[in-house]
Amino acid sequence: MSYAILGVGAVGGLYGGLLAQAGFDVHFVARSDVDHMRQHGLRVESPLGDFHLREVQVYGAAQEIPQVDCAVVCWKSTDNHHLSELLPRVCGPESIVLVLQNGLDVERAAADLVGADRVLGGCCFLCSNKIGPGHIRHLDYGRIAFGEYAPAGHLSGVARITSRMQRIAADFMAAGIEIAAQENLHEVRWKKLAWNIPFNGLSVVLNSDTEAIMNNPLVRQLAEELMIEVAASAAACGVQVTREHIDQMLEYTQNMVPYASSMLLDYQAKRPLELEAIFGNPIRFAQAGGYQPARIDMLYRQLSFLDSRNRK
């Protein structure tokens, strides 16, 4: 399959780079890095092996981009307003879209443009940062879990693994990317929110990385309580997030390299925070299911205040 990687940041730079290094037909859609990448290529530092792609197919304008089999949306959900310009250009009548973003129901913007039946979504369990133009530093982990998108209101998800999911998974695995096709995308997203909500949110409010959060007993307990509240929110939507999963996420976080969350980096750079995707949507879904996630809602309000003041 041919791929368009929309966004050459921590996610798109790593996974798109690995696909291109493996010989797949990969087209990168960048904005600020276009000229740099045309001149210097893409550099990736990774525990999987450092590499430098000196020549990459990179585009900055929609009219330059060829149609591909699969468009992979790797930028933040706060940039999804750009999809209306790019997806009609990069997607042919049989093309599919894979949305690799944090949050809940983030596939809706793509589904509104190409149809829900042509959209997949996934979560990346990844410690990675963009440290310069066309320069990615992958620190730890890297697994993708993905599935077929089901519109909001179909909270049980699409309970099957399709042939196109298997084709994408085969390509990614051939490039050395750990990826798992899942029957229920909603379950995948709620399980990732069990990490994203406490550790993205607390990292901004407390201006701290994962190591500082986990090494303070009171704050670690708060993170755990937020995770339990995520599980209760998921249950209100018909999705099970087990205590075993929470314990596993806490163990992973304790053992990972000290990591500044993507939301903290966005806050420090005065970029918009992904508050609606990661906090607002889950809160609204939980409330619709009859549950009020009080701690998550408080964190959301604090972050909204900080984000607004920060960007002024």
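The values are calculated or read from the model by the stated rules, or taken from the named source; none is laboratory data. Because the structure is predicted, anything quoted here is derived from the model rather than measured. FYI the Cβ positions are ideal-geometry reconstructions off the backbone, even for glycines, and counts take in every protein chain you see. All accessible areas refer to the heavy atoms of the entire protein, side chains included, with ligands and DNA or RNA removed. Shrake-Rupley method; radii C 1.70, N 1.55, O 1.52, S 1.80 Å.
Odds and ends about this structure:
- Scanning segment 14-44 for residues that are assigned to a helix (DSSP H, G or I) and farther than 23 Å from residue 125 by Cα yields a total of 7.
- Total residues in segment 261-282 satisfying the condition of being among the aliphatic types (A, V, I, L, M), more than 14 Å from the chain's Cα centre (by Cα) and buried (at least 19 other Cβ atoms within 10 Å of the Cβ): the figure is 1.
- Those residues of segment 245-264 which are hydrophobic (A, V, I, L, M, F, W, C) and in a helix (DSSP H, G or I), in sequence order: 246, 249, 250, 263, 264
- Meets criteria (open to solvent by less than 10 Å² (accessible area, probe 1.4 Å), over 17 Å from residue 169 (Cβ atoms) and not charged (D, E, K, R)) for residue 150: yes
- Flag if residue 231 is in contact with a Gly (Cβ under 9 Å, 6 or more places away or on another chain), at pLDDT 95 or above and open to solvent by 10 Å² or more (accessible area, probe 1.4 Å): no
For every residue, the table says whether it meets (1) farther than 19 Å from residue 31 by Cβ; (2) under 18 Å from the mean Cα position of the chain (by Cα); (3) modelled with pLDDT under 95; (4) crowded, with 21+ Cβ neighbours inside 10 Å.
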| residue | (1), (2), (3), (4) |
| --- | --- |
| 45 | yes, no, no, no |
| 49 | yes, no, no, no |
| 54 | yes, no, no, no |
| 57 | no, no, no, no |
| 68 | no, no, no, no |
| 74 | no, yes, no, yes |
| 84 | no, no, no, no |
| 95 | yes, no, no, no |
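- Filter pass, residue 144 being within 19 Å of residue 26 (Cα to Cα), open to solvent by less than 70 Å² (accessible area, probe 1.4 Å) and part of a strand (DSSP E or B): yes
- Tally, over segment 97-129, of residues that are over 21 Å from residue 183 (Cβ atoms) and either modelled with pLDDT under 95 or touching an Asp or Glu at 6+ places or on another chain (Cβ under 9 Å) (or both): 4
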